[in-house]
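Everything on this sheet refers to the single structure shown next.
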Ligand code: ACO
């Protein structure tokens, strides 16, 4: 059975950078108080990229995909599978993956979206791995892309300071060498209320609440416990020890969650990729953006073992253990 191997990666961040001080000054004009000190102490976030009004998830996803395809040396026509993980699709339908496929000038392969919020990229990567291992795809593009700024309530300081926009992508190819060694996905729908955007469009109107709502402390606790267990499970499945992991690339929600996780798993800080300080939380885009950054700057090297982990609304979580 072939492995799915990552042969290229790419990322895209909208050019507009908003620092904590700029955001605090903007919120102050509406009598909402926050500060760089509060945000950095509680989250580690210093800045985020925010898409211009009208910019869409498919546009960001296409830019990341083009970078990943160029890195892999693959023509879009070779793709037989495109999966986009997003919670901020351009439309109710068609899927953002179909829009990206058209933007890339590809045709004929399968294209669909996966919705698992901040776990979305790990869910999409595990799905693409299953396609490749089953022989149903040979060359796959997996993207995490979000314009989360479009679902933030900018009058709610407990959430609007946490997120940013962006997209990351990887190209997978069937290979006789590993490759993705194990993947592990979980959900607990009974926890949906601790993190949700419980609105929709129906009968020509927005129905329910279109904005993201979160019980931060409940999310924090569940994120640390679920990611710890998931890491142990995926390593057991692959028969790889935690000590053998060269890089942990966790979902980038909050540096405190990442630090807790590293300590629980006994993985030293030097082996943990952190981008939340300059990207903030880009939901489904956070893991591929962090992976791409560390791969491009030479930290993640060919042959190394990388553990990618996602956690988010649903409640969902999961891990992918791969050799690069
Ligand atoms: N600026 C200043 N004060 C704030 C802000 C802000 N931006 N936001 C909240 N506060 C205030 C609150 O009003 C509260 O004030 P009070 O004591 O007068 O009532 C005080 O700060 C403490 O609020 P808490 O919510 O208890 O703060 P906490 O220490 O829990 O930190 C945070 C909040 C950062 C959200 C934390 O709970 C957390 O990191 N949770 C994890 C959730 C997360 O990262 N989610 C990202 C999305 S989910 C995901 O990606 C998995």
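The values are calculated or read from the model by the stated rules, or taken from the named source; none is laboratory data. These numbers were taken from a predicted model, which means no experiment stands behind them. Note that each Cβ is placed from the backbone with ideal geometry, even for glycine, and that neighbours are counted across all protein chains shown.
Tabulated data
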| read-out | value |
| --- | --- |
| For residue 305: the one exception among (1) within 16 Å of the ligand (Cβ to nearest atom); (2) touching a residue at least 60 places away in the same chain (Cβ under 8 Å); (3) in contact with a strand residue (DSSP E or B) (Cβ under 7 Å, 6 or more places away or on another chain) | (1) |
| Answer residue from segment 31-59, given it is more than 16 Å from the ligand (Cβ to nearest atom) and part of a helix (DSSP H, G or I) and is surrounded by the fewest Cβ atoms within 10 Å (Cβ to Cβ) among those | 59 |
| Which numbered condition residue 154 misses (of (1) assigned by TED's automatic domain parsing to the domain that holds residue 306; (2) not in a strand (DSSP E or B)) | (1) |
| Residues that are assigned to a strand (DSSP E or B) and under 21 Å from residue 225 (Cβ atoms), drawn from segment 279-310 | 281, 307, 308, 309, 310 |
| Residue list for segment 1-30, filter: surrounded by fewer than 19 Cβ atoms within 10 Å (Cβ to Cβ) and part of a strand (DSSP E or B) | 7, 17, 18, 19 |
| Residue in segment 283-292 that is surrounded by fewer than 24 Cβ atoms within 10 Å (Cβ to Cβ) and in contact with a helix residue (DSSP H, G or I) (Cβ under 9 Å, 6 or more places away or on another chain) present | no |
| Meets criteria (within 15 Å of the ligand (Cβ to nearest atom) and not in a helix (DSSP H, G or I)) for residue 135 | no |
